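For reference, the structure discussed in these notes is given below.
The values are calculated or read from the model by the stated rules, or taken from the named source; none is laboratory data. Note that the structure is a prediction, hence the values are computed from the model and not measured. Cβ placement follows ideal geometry from the backbone for every residue including glycine, while neighbour counts extend to all protein chains displayed.
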Amino acid sequence: MSARKNMIFYVLLAASLLPAYCACAQEGAEDSHGPRPGLSLGGRAAYYRTKGADSGDLSEGVQARYHLTRRWALEGSVDLRQDRFAGTKVDVIPMQFSVMIYLMPHGYRFAPYILAGGGWYYTHVYTPVDSSEFRFGPHAGGGVEFFLNEAWSFGGSYRYLWTEDINSRDSAHPLGRNFSDKGFMLTAAVNYSFQTH
């Protein structure tokens, strides 16, 4: 990762945490009630590391969570990442859908959860003959969310991805070759809940 990309990542992360920090300073701890039914939206940073890639990659994205109850939630997310496989540049837009189960009783600021789901990965491979495709893959993992108050929370997650391989075809490999896209992702996110009562 370049120093410029690292700097942009940390500036965006700090900028996204500032409103949550200000809200936390204004509200007391008694206003935090953990997860509750309703919609929350947030921005996130993600780090992807797949088996076949030359290196890991930082990316940015958004997530929406709909809390059915205080314990069960559905999450949809979209990220944008770029990888290199043996020098071949690949853009991937993961669209993931997850079921989340919060493990702590109601009322705790600190709320660990487990998750599982699947995703569709729009993939564009840059070779002498560019190609695009949708690939599918399940994922599973866990994370934690910390509730600053009734509106703001932040947290992180780990998930392992069993994504279909990426196929690349060029003049050196006219029959094509496959790159493994299985691996893991780490996320850090800030969420705003629209259900505050």
Residues in the stretch 108-125: is at least one at pLDDT below 90 and touching a Gly at 6+ places or on another chain (Cβ under 6 Å)?
yes
Sole miss for residue 95 among (1) surrounded by fewer than 16 Cβ atoms within 10 Å (Cβ to Cβ); (2) farther than 30 Å from residue 178 by Cα; (3) modelled with pLDDT of 85 or more is condition (2)
Condition set closer than 23 Å to residue 144 by Cβ and aromatic (Phe, Trp, Tyr), scope the stretch 69-111, selection nearest to the chain's Cα centre (by Cα): answer is 97
For the stretch 48-72, the count of residues that are in contact with a Phe, Trp or Tyr (Cβ under 9 Å, 6 or more places away or on another chain) and either in a strand (DSSP E or B) or of a type in the set (A, V, I, L, M, F, W, C) (or both) equals 10
If we keep only residues of the stretch 35-69 that are out of contact with any Leu (no Cβ under 9 Å at 6 or more places or on another chain) and at pLDDT 90 or above, then the residue surrounded by the fewest Cβ atoms within 10 Å (Cβ to Cβ) is 69
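Condition check ((1) touching a residue at least 40 places away in the same chain (Cβ under 8 Å); (2) of a type in the set (D, E, K, R)) across all residues:
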residue	(1), (2)
101	no, no
107	yes, no
111	yes, no
114	no, no
127	yes, no
131	no, no
152	yes, no
159	yes, yes
Within the stretch 148-193, of all residues that are surrounded by fewer than 16 Cβ atoms within 10 Å (Cβ to Cβ) and polar (S, T, N, Q), the one modelled with the lowest pLDDT is 171
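Per-residue answers, yes or no, for (1) out of contact with any Pro (no Cβ under 7 Å at 6 or more places or on another chain); (2) more than 18 Å from residue 164 (Cα to Cα); (3) not hydrophobic (A, V, I, L, M, F, W, C):
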{"site": "46", "(1), (2), (3)": "yes, yes, no"}
{"site": "62", "(1), (2), (3)": "yes, yes, no"}
{"site": "79", "(1), (2), (3)": "no, no, yes"}
{"site": "84", "(1), (2), (3)": "yes, no, yes"}
{"site": "96", "(1), (2), (3)": "yes, no, yes"}
{"site": "118", "(1), (2), (3)": "no, no, yes"}
task = State whether one or more residues within the stretch 106-118 are outside any strand (DSSP E or B) and within 21 Å of residue 184 (Cβ to Cβ).
result = no
